[in-house]
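Working notes, structure below.
The values are calculated or read from the model by the stated rules, or taken from the named source; none is laboratory data. Just so you know, these numbers come straight off a predicted model, no measurement behind them. A quick note on method: Cβ atoms are made from the backbone with ideal geometry, for glycine too, and the neighbour counts reach across all protein chains shown. To get the accessible areas, we keep the full protein, side chains included, count just its heavy atoms, and leave off ligands, DNA and RNA. Shrake-Rupley method; radii C 1.70, N 1.55, O 1.52, S 1.80 Å.
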Amino acid sequence: MNSYANSSHVRPQSRTRNGMLIVAVRVLVVCLALLISAVLSIELITNSQGLAAYTLLLLGYLYVETRNLWARETHLFWTNPVVLASIFTFVIAFGVTNVLYFLPEDVVTLVGLEPIATPWMNQLMLLVVLGGISMWVGYSSGMGRSTGRMLQRSRVLRKWMSPSLRINIPALYAFLAISLIARLLAIKLGVYGYSSTYDQLIAGASYTQYFSMAESLGQLALVGVALQCFASPRSAFSDRQLLWLVLGYEVAFGFLSGFKSAVVMPFIIVGIVYYSQRNRFPRWLIPVVVVAIMASYAVIEPFRAARNEDAGFVGTSLVSILTTMTSANSSNADDSGERASTGISFLARNNLTYVASLGIEYAANNELPAGSPKFLGNIILAPAHALIPRFLWSDKPLQNIGLWYTNRVMGHEFYSSTGMSPFTYLNFAGGPLAVIFGFLTVGILQRGLFDGLRSFGGGGLIVLFGLLGTLVIIDSAFDTFFIGIIRFLPILVVAQYVLLQRPRRSCAE
Amino acid sequence: MVTRMHTRGPDAEGLWTSAGVVLGHRRLAILDLDARANQPMVSIDGRYTIVFNGEIYNFRELRRELEAEGVAFRTTSDTEVLLALFAREGERMLPRLRGMFAFAIWDTQSRELFLARDPCGIKPLYYTRTKDGLLFASQVKALLASGLVSAEREPAGLAGFYLWGSVPEPWTLFQDVFVLPAGHWLQVRAGVPESPVCWHDIRQHWQGEGCGTSAYELQEQVRQAVTDSVRAHLVADVPVSVFLSGGIDSAVLAGLASGLGAQVEGITIGFDEFAGRHEDEVPVAAAIAAHYGLPHFVRRVSRAEFEQDIPCILDAMDQPSIDGVNTWFASKAAAERGYKVVLSGVGGDELFCGYSSFRQIPRTAVIGRAIAAIPGARALLGAPCAYLAKSLAKPKLAFVPAFMDSVEGAYFLRRSLFVPDELPALMGADMARQGLARLGGSPPGMTQADARDGVAAVGLLESTHYLRNQLLRDSDWAGMGHSLELRTPLVDAALLETLGPYVSGFAGGAGKAMLARSPGKPLPESIINRPKTGFSVPMAKWLSEAADQRAWGNLPMPAASGTPWARRWARTVVERMTECE
């Protein structure tokens, strides 16, 4: 069995020294973060200097943590949730993209952001830094390691997890068929991607989650196919053909969804699987992802604009979606209005600092009005939300905090969901302490699931990669982090059991 | 000496002499304009002679009380009431006085001089010992004009000025000249002053247990107390005006005065540099005046006028200050309109927690304590802070680890102009060392903010440091430089006594909101919610464009990169005042 021993890729002789060093770094970063907050409070530095200081502190800290982890443990490093979360939840959303606020005023205004750093952005950044430290502390903690060991020893997992890297072809087609039917049905019912409407989503609240589960079987199939393709040093032609087929299918529906991440994600999945099997970074992934991003921008942005502006748009017809998408792209060529460059737009899309800070300001100056989400309650009740179906729980809360944020916090009256970031969510739930404990828990679960699942071979990797999105891009609705894990873990275990071939028992066994 | 104070009292001049005693006075006639009320004033029995600077707002009540006891009066002035009250009660009468005052009473019988000053420190009183006895005056420059006082610099005064932007009590810029501290009296026997005695320490109002009450009751308390104070401050036999900025404090004064039937005219200064910008207070002030149906006068001030007035400003500025230019021009405008009295909203931010410091400083202190609680953290931060202080040319950053964990330290970091390390470059190493040693305390020149909580501690510090040493002193020289009496209804011991127990509840904008709702016709929401601008002047722009770069660009400065204008102005003031002496 392709088992994973916790110590096999760790250099224990450096652990103690590194441990002391990293604790000192964390203490220093906490002190520096608080110090920046203190000097900002008494106006010794400007808000722009504060934002720059927090950003550099965050980037520097995450670099030190990841370097330290790299020095100790290289196996599946680039699939490690804590590393990827550092990149996607922290570095991209609150780190490198903060360069926006130091660009010329007109450029920043063009993409709808505040051209100056505000005190609230700095308060948010303090929470982000504390969240980052908490996540890494949780990941390094004994609780994280214990959770991992507990999963490794789990009899249920041992029984159900398949170490094989060969897929069960009939199961693969079944997965693809289910996801295709689910996607077409979702389009028909008007609950698919960006073509959906708020009213239709509300009306379909009791079944949309099942649609999204069924749709995600396509991604799972992609993981399985990629595993099989890259398992051997030279992949078979048929495996490569199959991979292109499933990849093309996922990318096509990514475009149809109107979400750029859905276009890019299939390539990242393939890249991650490649890395997990060949243990080297797929260099081709970077240009491929860049092209995918550019293509998604070129197609999806005009589509979104047309979808919002065209009163006659019909989101319940595949033909209508395709027609709008193609016509929007041809008419886009004539658009000579002032627009930000794709690079700036990309930065703005991925940066959450300003938008998230609005919630920090709102929480500081307002009592939450009646009808607001129960932020803390939703986290506590996440297991119930995950497991109890809506038809059994008629009052089950809707996941509409993004709309609440748009309407209440940002003061816009239109139906649009805005991501507030997990830090803002947790700040609503209980202030800085909630951020610290929330991300501590994230780190513990990341470690537990990473250590626990990767020891089970192919099946473990399918489950791990299936959960990776949840573990890496911490959702603005923080409770969905727990809901996602609780809901998808058993499903993924079953799915891998079905998707992968069972190994033949040897005579010795 | 009296001539030096001409602008403080252009209406009359008086001298009273007796064996070994000379009392001089210049009068700005506001109550009882008749010459009978001129000073020095001698009591009916001839025993006491008074020179008095200021106003006793409750003098009519006190007079009625005294009359009921058979005391006869020759005038309708407050000075005579003060004199009669002292004759009956001695220093015990001080707590009964409501007003701003600094006075001296000579007792011919005991041959003792009694000096006293109001609790908030609105009116100044300086004294010095010479080989022949004691000199006192409302201005340091008047004492210097006597020719009997050494002009030798006081290191503590100079160091204090550079650290804080104003000379902290009890120091002055001169070694032999002292301030009688606010709320103190002083007995002088045979020309020898005894130690000043505190009769009212306003710090008590931020100490001890606070009071909780409902928001409605507190609103009513605020309304009554502020209305009562404004009513008291309107007592005058001459027309009264009001400095009207775009802020809540002055608007409330205008609204309350209007509600009390006083036809006060709003005086606003405007600057072309601010036109159309958020800092421009003229449109807001005009809207407030219209809201209360008050006459409104706008006076435009230009850079050329500022440059022209710099010598007059520095001449009127009794002790160096980095502020007061705004009040100088506002006072000039009021004086040009013929006013002798104006209401000023100064002190509202200190009492009603209007500054951002009320939020920032307690927060900083909490964060600082959290950092300091981490073993070794303070030492760990020393090096990066020192590096940043140097590389960002922000010397205060180097002191953050040392001072961040107390309200006093955070207050110093927030309010100070220069830091102790910069003093040697500014005033010489020896002077700096001596100055810091005499100032004492850590941070230097700070009193302990022993208060009931963080907000109250900031209120205590703002009122006993910034308000007292900077704002009130600036109000005095800038107003008196134009023969204008600035009255401060929001700096009033009676008001403070009433609202002191509740000040912690004024944080976070609550106090200002209550103040804004105090007039019978509350302020419009647009004024209440307008972001705070302060009563500012485009000094940075003026000085950077000044034709005479001695005043600005050519001064050698420590940590020069991006030096705030106030630091350059501070050096300018000291250098120019030295030239004038």
Query raised in the report: Under a 1.4 angstrom probe, counting protein chains only, how are A:Val289, A:Val319 ranked by accessible area, largest first?
Result: A:Val319, A:Val289
Query raised in the report: Once label points are set 7 Å from the Cα along Cα→Cβ at both A:Leu318 and B:Ser544, what is their separation, rounded to one decimal in nm?
Result: 6.4 nm
Query raised in the report: To the nearest 10 Å², what's A:Met213's accessible area with a 1.4 Å probe?
Result: 30 Å²
Report task. Note the full-extension length gain between A:Ser394 and A:Asn18 as 0.36 nm times their separation in residues minus their Cα-Cα distance, in nm to one decimal. Result -> 130.2 nm
Query raised in the report: Using a 1.4 angstrom probe and counting only protein chains, how large is the accessible area of A:Trp78 in Å², to 10?
Result: 100 Å²
**Report entry** Most positive-pole-ward Cα, B:Ser43, B:Gly14, B:Phe73, against dipole of the stretch B:3-203 from beta carbon charges
**Finding:** B:Gly14
Query - Between the stretch A:281-306 and the stretch A:366-414, the Cα center-to-center distance that results, in Å - result: 32 Å
Query raised in the report: What quantity of accessible surface, computed with a 1.4 Å probe and excluding non-protein components, is buried in total between chains A and B, in Å² to the nearest 100?
Result: 1800 Å²
Query raised in the report: Which value, in debye to the nearest 20, gives the size of the charge dipole of the protein assembly as shown about its Cα centre, when Lys and Arg are +1 and Asp and Glu are -1 at the Cβ?
Result: 5580 debye
**Report entry** Theoretical FRET efficiency, 1/(1+(r/R0)^6), r = Cβ-Cβ of B:Glu69 and B:Asp272, R0 60 Å, to 0.05
**Finding:** 0.55
**Report entry** Heavy-atom accessible area ranking, 1.4 Å probe, most first, across B:Leu381, A:Leu34
**Finding:** A:Leu34, B:Leu381
Requested in this report: Provide the per-residue ³J(HN,Hα) series for the stretch B:320-328, in order, calculated from phi with Karplus coefficients 6.51, -1.76, 1.60 and θ = phi - 60°, each as a whole number of Hz, with x at glycine and proline positions.
Outcome: x, 8, 8, 10, x, 5, 4, 5, 4
Report task. Enumerate the lysines that B:Lys396 could reach by cross-link, defined here as Cα to Cα under 27 Å, with residues fewer than 8 away along the same chain left out. Result -> B:Lys532, B:Lys541
Query - Beta bridge orientation in the protein assembly as shown: antiparallel %, DSSP, nearest 5 - result: 75 percent
Requested in this report: Take every Cα-Cα distance within chain B, group them into 20 Å bins from 0 onward, and report for each bin the whole-number percent of pairs it holds.
Outcome: 20, 56, 23, 1
**Report entry** Inter-label distance for A:Gln241 and A:Ser345, nm, one decimal - labels placed 7 Å from Cα along Cα-to-Cβ
**Finding:** 3.8 nm
Query raised in the report: Looking at the stretch B:347-370, which residues lose a minimum of 40 Å² of accessible area between their chain alone and all protein chains in place, measuring with a 1.4 Å probe and not counting ligands or nucleic acids?
Result: B:Gln360, B:Arg363, B:Thr364, B:Ile367
Query raised in the report: Out of the stretch B:43-75, which GluC sites (Glu not before Pro) are coil in DSSP terms and have no more than 15 other C-beta atoms within 10 Å?
Result: B:Glu69
Report summary line: Here the gain from full extension of A:Leu376 to A:Ile92, 0.36 nm per residue of separation minus their alpha-carbon distance, amounts to 99.6 nm
Report summary line: Rounded to the nearest 5, the percent of antiparallel DSSP beta bridges in chain B equals 75 percent
Query raised in the report: If you average the sequence gap of Cα pairs under 8 Å that are 6 or more apart and divide by the length of the stretch B:3-203, what percent do you get for the contact order?
Result: 16 percent
Query raised in the report: Which order do A:Lys260, B:Lys131 take when ranked by solvent-accessible area (1.4 Å probe, heavy atoms of all protein chains), largest first?
Result: B:Lys131, A:Lys260
**Report entry** Integer Hz, Karplus 6.51/-1.76/1.60 couplings in order for the stretch B:169-174, x for Gly and Pro
**Finding:** 4, x, 7, 10, 6, 10
Query - Equivalent ellipsoid semi-axes - Cα gyration tensor, the stretch B:3-203, angstrom - result: 28, 18, 17
Requested in this report: Would you please give the FRET efficiency between B:Leu314 and A:Phe414, computed as 1/(1 + (r/R0)^6) with r the Cβ-Cβ distance and R0 = 51 Å, to the nearest 0.05?
Outcome: 0.30
**Report entry** Principal semi-axes in Å for the stretch B:359-454 [√(5λ), Cα gyration tensor, largest first]
**Finding:** 23, 18, 11
Query raised in the report: Going toward the positive end of the dipole of chain B, with +1 on Lys and Arg Cβ and -1 on Asp and Glu Cβ, which of B:Phe114, B:His25, B:Thr498 do you reach last?
Result: B:Thr498
Report summary line: Once the dipole of the stretch A:238-391 is set up from charges on Cβ (+1 Lys and Arg, -1 Asp and Glu), the residue from the list A:Val263, A:Val246, A:Asn279 lying farthest towards its positive end is A:Asn279
Query - aspartates and glutamates whose Cα lies under 12 Å from that of B:Lys340, excluding same-chain neighbours fewer than 8 positions away - result: B:Asp11, B:Asp237, B:Glu485
**Report entry** Separation between Cα centres of the stretch A:215-260 and the stretch B:18-38, rounded to whole Å
**Finding:** 100 Å
**Report entry** Amide H contacts under 5 Å for B:Leu417, placed H, 5+ residues apart
**Finding:** B:Trp164, B:Gly165
Report summary line: With x for Gly and Pro, the residue-by-residue ³J(HN,Hα) of the stretch A:128-138, computed from phi through the Karplus equation 6.51 cos²θ - 1.76 cosθ + 1.60 at θ = phi - 60° and given in whole Hz, is 5, 5, 5, x, x, 5, 4, 4, 6, 5, x
Requested in this report: With the full set of protein chains in place, find how many percent of the accessible area of the protein assembly as shown is carbon and sulfur; take the probe as 1.4 Å.
Outcome: 58 percent
Query raised in the report: Dipole size in debye (nearest 20) for chain B around its Cα centre, Lys and Arg Cβ +1, Asp and Glu Cβ -1?
Result: 880 debye
Requested in this report: Give the accessible surface of the protein assembly as shown per residue, rounded to a whole number of Å², with probe radius 1.4 Å and ligands, DNA and RNA excluded.
Outcome: 40 Å²
Report task. Grab the DSSP H runs of the protein assembly as shown that are 4 residues or longer, score each as -39,500 (n - 2.57), total them, divide by all residues and round the 222 nm result to the nearest 500 deg cm²/dmol. Result -> -16500 deg cm²/dmol
Report summary line: Plugging the Cβ-Cβ distance of B:Ile44 and B:Glu217 into 1/(1 + (r/R0)^6) at R0 = 51 Å yields, to the nearest 0.05, a FRET efficiency of 0.65
Query - For the stretch B:177-332, Kirkwood radius (reciprocal of mean inverse C-alpha pair distance, Å) - result: 19.3 Å
